[in-house]
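Read through the structure below, which is laid out as structure tokens, and then see the notes.
The values are calculated or read from the model by the stated rules, or taken from the named source; none is laboratory data. Keep in mind that this is a model prediction, so the values were computed, not measured. Reconstructed Cβ throughout: ideal geometry from the backbone, glycine too, with neighbour counts over all protein chains shown. To get the accessible areas, we keep the full protein, side chains included, count just its heavy atoms, and leave off ligands, DNA and RNA. Shrake-Rupley method; radii C 1.70, N 1.55, O 1.52, S 1.80 Å.
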Protein chains: 2
Amino acid sequence: MIRYTTGLLVSLLILSASLCLAQSDRPEIKDDFMPSTLNQPGQEYPQVNSQGYARFRIVALEAQSVKVSLGGRDGTSLTQAPDSSWIGTTAGPLDEGFHYYHLTIDGGTFNDPGALNFYGSTRWESGIEIPAFDRDFYALKDVPHGRVQQILFLSKSTNTSRRAFVYTPPDYDRDQARRYPVLYLQHGWGEDETAWSNQGHANLIMDNLIAEGKITPFLIVMTYGMTNEIKFGGLRNFDIKPFQTVLVDELIPYIDDNFRTLSDQPHRAMAGLSMGGMETRRITLANLDKFSHIGLFSGGSISLDDVNNTPGLKEKVKLVFVSYGSRELERRGGGRGPFGGDPKENAEALKQAGINSAFYVSPNTAHEFLSWRRSLREFAQLLFRE
Amino acid sequence: MIRYTTGLLVSLLILSASLCLAQSDRPEIKDDFMPSTLNQPGQEYPQVNSQGYARFRIVALEAQSVKVSLGGRDGTSLTQAPDSSWIGTTAGPLDEGFHYYHLTIDGGTFNDPGALNFYGSTRWESGIEIPAFDRDFYALKDVPHGRVQQILFLSKSTNTSRRAFVYTPPDYDRDQARRYPVLYLQHGWGEDETAWSNQGHANLIMDNLIAEGKITPFLIVMTYGMTNEIKFGGLRNFDIKPFQTVLVDELIPYIDDNFRTLSDQPHRAMAGLSMGGMETRRITLANLDKFSHIGLFSGGSISLDDVNNTPGLKEKVKLVFVSYGSRELERRGGGRGPFGGDPKENAEALKQAGINSAFYVSPNTAHEFLSWRRSLREFAQLLFRE
């Protein structure tokens, strides 16, 4: 099991590094560049045009070389303009959605001073957003808004006060009698508990789905999932136990004690992206008395073998949701590879076996956050429906 | 009034640029450097020693020059070590507490990839912390923790959904019948609504004061105070009205509608640091029916003339609290300057006139966040005492 999941995650990390460039031939580049929506206040660069090209401008008059880690396997090298600033445009359009990036300036790794920062790859990286055709579902709109509550909970197993964020729906503080189901939602390798709110817009996705009456409102709990030796190294020695202890024995009781939750198994879900999907898979299958709904976003799948090897799964699990970005599946030649079988075939097999199983593919996205924003949107609509 | 406050703020900005170096003679530098507590996870640099010296290390092998904007008027120039990394130590110890800084690499402004980022000077800056002798009061301890809740509220006057953070005390969600007083707490110029939680540790200061039984628990509301033309330019055309409308007409009703507040004048306070103090002064004096407690942290004072020119002040205001960092007062030659008179003398005059007036000086700090963390600690203990 450990070797399997290690192979999976290493593959995901490699995939994620090179899949953000949609195409490399160069049509005419439209001159309608606008500042990225993720720029720091008042910053004109980086910019994005309507085709998805990104343009960068960095001021460092005496630099020898400035490169951006986006725009193909080798990134985008900037060149010095007449005003001595460094400017460059990606070789092709980028995929729609959110991309991490950084600068390499004279051999050092720095962030773009024009862009906001997002925690990924175990560092605060620059971020840029290519407007997606369906961006409305995670837009900030004039609808009732829930809250994102930062909590600090005591973890005896790690001897720390740990941080989590809890999304509460718009009416949570109005109807003091109502209790809510809970989704525990995990980030990927190198990210942290800020990812689903910052990069993922989980709160806005929820606000909009609730405003449209498309989901049963629930809480989302997001905490840090890298509790052991995987922290800054590889995943070779990955051990699920430290995080499982924090989540199951410490965080869940804290949440049920401090928020108005429905604390029984039918009303508790877990999902995660990439490494968080792997964590979700292992923790839920080992705790079927605690979780009824399972979401794996670009993070493996559950096969009929898993079902047969896990007593009680068929009876206790009310939903198995598996998703990928379309480019992840293309790259893998129809979905085979180190993922423990074709995830779509696995999903079909579960359905045939009478398990509520859903498979979703995010169009034209890779191992990146737009895949996971969409996955959350789809998953949320299937949760707590009975 | 406008000219007065403009002069004040410009002076504060100038002061804040050069006051973080405590002394410039060079005693023996102790070799007990440790990573700053504000470093990114796993990062060894920047480091701080027990005397308050800061040491920086930047990897940029082919750079021509690397400078850090801390450590005296001209900053600290790094030199290339045998391994080609750039290393340097400040010329003297820095003041205790939090300092913003950035790098200048080959003529460009970048952040230190080793440090966490904090919004100041209208950009996300690097931050470093020199451990203060009294750091215990803002430390993360094993005490009951309140929450920091991100809310989004509709502002018709600015046609935006605006963000605020609300600190709720540890027992807020336990005792559903209890209602709480509220402090509206503002950041300084170039900062935003994240400052008081991130740089200020306002939530931890409150948790600790509440655990020690030193204060009447209250909510703190923190929102963005730069709503008009002061946004990224100077303060010359500063107009209090846009922010006053957001705060008084939009945010306060939202908070009173969505949180369990005591919504009458005796239970509402406002305070702010630097520019936020100026905003506090103007908004409270113009809305004495809404605010009873006033806190100005390094942001002006209230004189007897103000009292005489403001009908009702003497009857309605239950506390005027004014504070400065000691180095601000030293620099100003005993407290005179563009601040509308000596703040300590003003505080004394108010006391003589029968107004509950307090004056606090933070030891050995300048126009920086340790002055304001301490100011909040002192102010909080005087609030809502009747």
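Structure values in brief
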{"item": "Average other protein chain Cβ within 10 Å of Cβ, residues A:165-178", "result": "1"}
{"item": "Percent breakdown of C-alpha pair distances by 5 Å bin, ordered from the shortest bin, for the stretch A:126-250", "result": "2, 10, 17, 20, 18, 14, 10, 7, 2, 0"}
{"item": "Above-threshold pairs, the threshold being 22 Å between Cα atoms, out of A:K314/A:K344; A:K30/A:K141; B:K214/B:K314; B:K241/B:K314; B:K214/B:K290; B:K290/B:K314", "result": "A:K30/A:K141; B:K214/B:K314; B:K241/B:K314; B:K214/B:K290"}
{"item": "Reciprocal of mean inverse Cα separation for the protein assembly as shown (Kirkwood radius, Å)", "result": "27.7"}
{"item": "Convex hull (Cα only) mean projected area of the stretch A:237-376, reported in nm² to one decimal", "result": "8.7"}
{"item": "Inter-chain shielding of A:107-119 (mean C-beta neighbours from other protein chains, 10 Å cut-off)", "result": "5"}
{"item": "Cα gyration tensor shape of the stretch A:276-318, rounded if a/c is under 1.5, else prolate or oblate by comparing a/b with b/c", "result": "oblate"}
{"item": "Cα long-axis angle, helix A:369-380 against chain A (0 to 90 degrees, to the nearest 10)", "result": "30"}
{"item": "Gyration tensor (Cα) of chain B, equivalent ellipsoid semi-axes in angstrom", "result": "36, 23, 20"}
{"item": "Those aspartates and glutamates that a straight Cα-Cα span of less than 12 Å connects to B:K156, excepting residues fewer than 8 apart in one chain", "result": "A:D142, B:D249, B:E250"}
{"item": "Rg/Rg_globular for the stretch A:177-221, with Rg_globular taken as 2.2 N^0.38 Å and Rg from C-alpha atoms", "result": "1.27"}
{"item": "Gyration tensor verdict on the stretch A:241-291 (Cα atoms; rounded if a/c is under 1.5, prolate if a/b is larger than b/c, oblate otherwise)", "result": "prolate"}
{"item": "Mean Cβ neighbour count within 10 Å, used as a protection proxy, ranking A:249-255, B:277-283, B:50-56 highest first", "result": "B:277-283, B:50-56, A:249-255"}
{"item": "Degrees, to the nearest 10: B:343-352 long Cα axis against longest axis of chain B", "result": "20"}
{"item": "Angle between chain B longest axis and helix B:275-285 axis [Cα atoms, degrees, rounded to 10]", "result": "0"}
{"item": "Packing rank of B:351-358, A:309-316, A:296-303, where each peptide gets the mean count of other beta carbons within 10 Å, highest leading", "result": "A:296-303, B:351-358, A:309-316"}
{"item": "Solvent-accessible surface (1.4 angstrom probe) belonging to B:L319, in square angstrom, nearest 10", "result": "0"}
{"item": "Translational diffusion of the stretch B:34-176, µm² s⁻¹ [Kirkwood Rh, Cα pairs; Stokes-Einstein; 10 °C; 1.306 mPa s]", "result": "90"}
{"item": "Two-site label geometry, B:T104 and A:E330: point separation in nm, points 7 Å out along Cα→Cβ", "result": "4.7"}
{"item": "Per-residue average of Cβ from other chains inside 10 Å of B:146-157", "result": "5"}
{"item": "For chain A, size of Cβ-based charge dipole, Lys and Arg +1, Asp and Glu -1, in debye", "result": "880"}
{"item": "Check: the stretch B:174-296 dipole with +1 on Lys, Arg Cβ and -1 on Asp, Glu Cβ, in debye", "result": "240"}
{"item": "Unit charges at the beta carbon, dipole of the protein assembly as shown: most positive-side option, A:Y324, B:L273, B:N356", "result": "B:N356"}
{"item": "Most mobile of B:T90, B:T216, B:T284 in a GNM of chain B (Cα contacts under 10 Å)", "result": "B:T216"}
{"item": "Charge dipole (debye, nearest 20) of the protein assembly as shown; +1 at Cβ of Lys and Arg, -1 at Cβ of Asp and Glu", "result": "960"}
{"item": "Relative contact order computed over chain B (Cα-Cα under 8 Å; 6+ residues apart), in percent", "result": "15"}
{"item": "Signed unit charges on C-beta, dipole axis of the protein assembly as shown, positive-most listed residue A:G188, B:T89, B:N287", "result": "B:N287"}
{"item": "Value of relative contact order over the stretch A:121-235, rounded to a whole percent, pairs C-alpha under 8 Å and six or more apart", "result": "32"}
{"item": "Relative contact order of the stretch A:37-160, defined on C-alpha pairs under 8 angstrom at six or more residues apart (%)", "result": "24"}
{"item": "Computed [θ] at 222 nm, helices only, for chain B once each DSSP H run of length n ≥ 4 contributes -39500 (n - 2.57)", "result": "-6500 deg cm²/dmol"}
